[in-house]
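> Just dropping this structure here.
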Amino acid sequence: HDFLTQAYPRLTLGMAFYSPWTKNGLLYQPPFCDWQDTIDRRGHAFFTNLLYWKALDSLGTLATALKKPEEALRWDTRTQTVRQDILRMFWDKQAGYFKNTASCDRFSADGNLFSIIWDFAPSAQSIIAAMDRLGVWTPWGPLAVHPAYHRSRKGRWVLLAGNPDYHDRQVWPWLSALAIRALNKSDHRERASSLLEELGKSILRDRSVAETLDPMTGRPTKKLLYHSEMPFSWSAAMLLEVLKDIES
């Protein structure tokens, strides 16, 4: 509680930082600025705005814990407004998933999987069904994006490095961790167990968690000028989170 009392004002200042980056109530980002930093994913991106919604929701929870009802109400009101704006802009009812950006209807695993885990999606089952229909699954997890981005959307440096499929057609184990949690949450437990087993085999084989995996072999990606980073703590931590969820 003491830490929260100290941190809460700083967290509210952190949220205030994003005010100049909003347009029509949602975050509007420049190119090459989220985790897919080799991709020109400018404008209104679903993943970024889902994180924005989650942050607002969390600040409301923290304000309630600090017995600040007026501030909690203000955060909760913003949370609900942002939720409705996101649903209106990104949810594709016919396709059954959230569009990657306001102007790009590609399937991106990041936000869609988090939307299931955080109970944001109107239908978790429709997202899983869309992933099945689109063929994004590999034995080690989903491809990051489907279909692949056009080369014109990719940064020159990733093309020069001979690694153009880095942020769309490779398997990222942190996304696989999200997929396992999303499958469990949507009552696809056998599929979640199978995915965890195959991913576990690759980790035991390599004695490390890799940054990305080749979707054809499940081995750490190797290109002429790029080798998958190992060990990769981001993915390792999220896989530990999966094991914690299973144990509980």
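> Just to be sure before I move on: is Ile116 hydrophobic (A, V, I, L, M, F, W, C) and farther than 30 Å from Trp157 by Cα in the structure I sent?
yes
> Something else now. Pro9 versus (1) free of Cβ contacts under 8 Å to residues at least 24 places away in the same chain; (2) surrounded by 13 or more Cβ atoms within 10 Å (Cβ to Cβ); (3) not charged (D, E, K, R): which is the lone unmet condition?
(2)
Conditions (1) of a type in the set (S, T, N, Q); (2) under 24 Å from Asp40 (Cα atoms); (3) without any contact (Cβ under 8 Å) to a residue 24 or more places away in the chain, marked per residue:
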| site | (1), (2), (3) |
| --- | --- |
| Val136 | no, yes, no |
| His146 | no, yes, no |
| Leu183 | no, no, no |
| Arg189 | no, no, yes |
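> Which members of segment 98-126 meet the condition of being without any contact (Cβ under 8 Å) to a residue 60 or more places away in the chain, farther than 14 Å from Trp53 by Cα and either among the basic types (Lys, Arg) or touching a Ser or Thr at 6+ places or on another chain (Cβ under 7 Å) (or both)?
If the condition is that a residue be without any contact (Cβ under 8 Å) to a residue 60 or more places away in the chain, farther than 14 Å from Trp53 by Cα and either among the basic types (Lys, Arg) or touching a Ser or Thr at 6+ places or on another chain (Cβ under 7 Å) (or both), then Phe98, Lys99, Asn100, Arg106 are the ones that fit.
> Would you list the helices (runs of 4 or more DSSP H) that sit entirely within segment 133-248 and hold 3 or more residues that are under 22 Å from Lys99 (Cα atoms) and either open to solvent by less than 50 Å² (accessible area, probe 1.4 Å) or at pLDDT 95 or above (or both)?
173-185
> OK, next. Could you please tell me which pairs satisfy a Cβ distance under 6 Å, a separation of 6+ or placement on different chains, a first residue in segment 67-94 that is more than 14 Å from Gly25 (Cα to Cα) and among the aliphatic types (A, V, I, L, M), and a second residue that is at pLDDT 95 or above and open to solvent by less than 50 Å² (accessible area, probe 1.4 Å)?
Ala72/Gly60; Ala72/Ala63
> Are any residues in segment 103-127 within 16 Å of Pro147 (Cα to Cα) and assigned to a helix (DSSP H, G or I), and if so, which ones?
If the condition is that a residue be within 16 Å of Pro147 (Cα to Cα) and assigned to a helix (DSSP H, G or I), then Ala109, Asp110, Gly111, Asn112, Ile127 are the ones that fit.
The values are calculated or read from the model by the stated rules, or taken from the named source; none is laboratory data. For clarity, every value in this text was computed on a predicted model and none was experimentally measured. Neighbour counts are summed over all protein chains in view; Cβ atoms, including those assigned to glycine, are modelled from backbone coordinates with ideal geometry. Surface areas here come from the heavy atoms of the whole protein model, side chains and all, with no ligands, DNA or RNA. Shrake-Rupley method; radii C 1.70, N 1.55, O 1.52, S 1.80 Å.
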